[in-house]
Amino acid sequence: MKKQPPLLVRVVKGFGMFWWDFLVGDTPEIFVAVVVIIGVVALLSESGHDNAAAAILLPVLGVGTLGASLWRAKRAARK
Amino acid sequence: MLGVTVSSGVLVLVGAVFLASAVEMIEALTIVFAVGHTRGWRSAFEGTIVALLALGALVAAFGPALVHVPLDLLRLIVGGVLLIFGLQWLRKAVLRSSGLKAKHDEDEIYREKVAQLSAQPTNAGRDRVSFVMAFKGVFLEGLEVVITVLTLGTSAHRLGLAVIVAAVAVVLVGVVGVVVAKQLSSVPENAMKMAVGVLLVSYGTFWTGEGLKVRWPGGDTMLVALVALYLAITWLYVAWLRSTTPKQQSEVSV
């Protein structure tokens, strides 16, 4: 009979799996896009004078991410 | 001005927490009903209670701890998580609305669970299968509520309000669910999910900006503008997918 890993290992693995499923799951494009959005907006707001650009770009990129993910799903359904 | 900004933020918070809790509670209730009707109510009830206590303990443990995280960092993390979570919800709701993905059918899920549970042998006394199934159903669906409550509640400094709203939603759906029993499928679940998605993405965008020190035009009232923007965009995306998707097109496996 296969030996089970220790409880702590199983708990840590389960915790990691939960967050992976929760944040990445079957939509890795959304996870990657949000990380990129945060990076771009951080760069713009760090430079100080680009606040307006950051304030506009943040929701625009959010809308674009949703559109790109829907387009990907539509393409997957077509196959 | 302050009154308007505070109430708009609170309104979005209350709406997001209430709807997210209600939707998850409907899904959990379907599993508990299937377990109770098939294998008896005692273990199903015990599994539900233990799961609710575990979820309450999570909020009690992490809620006060999160308050000590620096506000900008907390808002950035919360904003990022809400953006991801909200976009995932919104994507699913749009795909379901446009016919690219099958709608969440509580009757079908109920039938599947009943068939699955009927195939398992029953024990005399405490039923371990019932307990585990009810516990897992309530705990896993409830975890999403806990994350919504903790993230929205702590970043808005209104954790108490978020917990109360979630509790009211859970009790309300529980009572209504017990009264109408098998009619959970008639609840407009996808519309509720779409509304939650819009609210979470709006909050996520707003908090991400706050965490990155973006100065929003109009301050907190920008939250209302973001809700309006994402609502309009969602409507446009649904219309686009409906107009470009042939009726017989296969569903996406998401």
_Per q in 0.20, 0.22, 0.23 Å⁻¹, report the Debye log10 I(q)/I(0) for the range A:26-78, using one uniform scatterer on each alpha carbon and no solvent._
-0.69, -0.77, -0.81
*Förster-model FRET efficiency, 30 Å R0, B:Ala225 and B:Phe62, C-beta, rounded to 0.05*: 0.45
*asked:* If the elastic network links every pair of Cα atoms under 10 Å, which of B:Gly80, B:Gly40, B:Gly218 fluctuates the most in the Gaussian network model of chain B?
replied: B:Gly218
*Want the number for B:Ala191 to B:Leu71: 0.36 nm per residue separation, take away the alpha-carbon distance, what's left?*
39.9 nm
*Grab the eigenvalues of the alpha-carbon gyration tensor for the protein assembly as shown, scale each by 5, take roots, and send me the semi-axes largest first in whole angstrom.*
35, 24, 20
*What residues of the range A:12-48 lie in the reach of a label at B:Lys136, counting those whose backbone N is under 20 Å from a point 7 Å from the Cα along Cα→Cβ?*
A:12-23, A:25-26
*Please determine, in degrees from 0 to 90 and to the nearest 10, the orientation of helix B:2-39 with respect to the longest principal axis defined by the Cα atoms of chain B, where the helix direction is its Cα long axis.*
10
*Cα axis of helix B:41-67 to longest principal axis of chain B: angle in degrees, 0 to 90, nearest 10?*
20
*Averaged over peptide B:195-202, how many Cβ atoms belonging to another chain are found within 10 Å of each residue's Cβ?*
1
_Förster radius 45 Å - calculated FRET efficiency between A:Arg72 and B:Arg42, Cβ distance, rounded to 0.05_ = 0.45
*Over chain A: helical MRE at 222 nm, DSSP H runs n ≥ 4 each giving -39500 (n - 2.57), nearest 500*: -28000 deg cm²/dmol
*asked:* Once R0 is set to 56 Å, what does the formula 1/(1 + (r/R0)^6) return for the Cβ-Cβ distance between B:Ala115 and A:Ser47, expressed as a FRET efficiency to the nearest 0.05?
replied: 0.40
*Count of lysine pairs in the protein assembly as shown with Cα separation under 22 Å (8 or more residues apart, or interchain)*: 28
*Would you please calculate the Kirkwood hydrodynamic radius of chain B over all C-alpha pairs and express it in Å, rounded to one decimal?*
19.4
*Under 5 Å between amide H atoms, partner at least 5 residues away or on a different chain: which partners does B:Gly99 have, H built in plane at 1.01 Å?*
none
_So if I take the centroid of the Cα atoms in the range B:189-214 and the same for the range A:48-79, what is the distance between those two points in Å?_
14
*Could you run the Karplus curve 6.51 cos²θ - 1.76 cosθ + 1.60 with θ = phi - 60° over the range B:221-235 and give me ³J(HN,Hα) per residue in whole Hz, x for Gly and Pro?*
5, 4, 4, 5, 5, 5, 4, 4, 4, 5, 4, 4, 5, 4, 4
*In the Gaussian network model of chain B, springs joining C-alpha atoms below 10 Å, which of B:Val175, B:Val129, B:Val12 carries the largest mean-square fluctuation?*
B:Val175
*Which of B:Ser97, B:Ser243, B:Ser43 moves most in a GNM of chain B, Cα contacts under 10 Å?*
B:Ser243
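FYI, it's all coordinate maths here, none of it is from the lab. Keep in mind it's a predicted model, so treat the numbers as computed, not measured. Quick reminder, even Gly has a Cβ in these numbers, built from the backbone with ideal geometry, and neighbours come from all protein chains shown.
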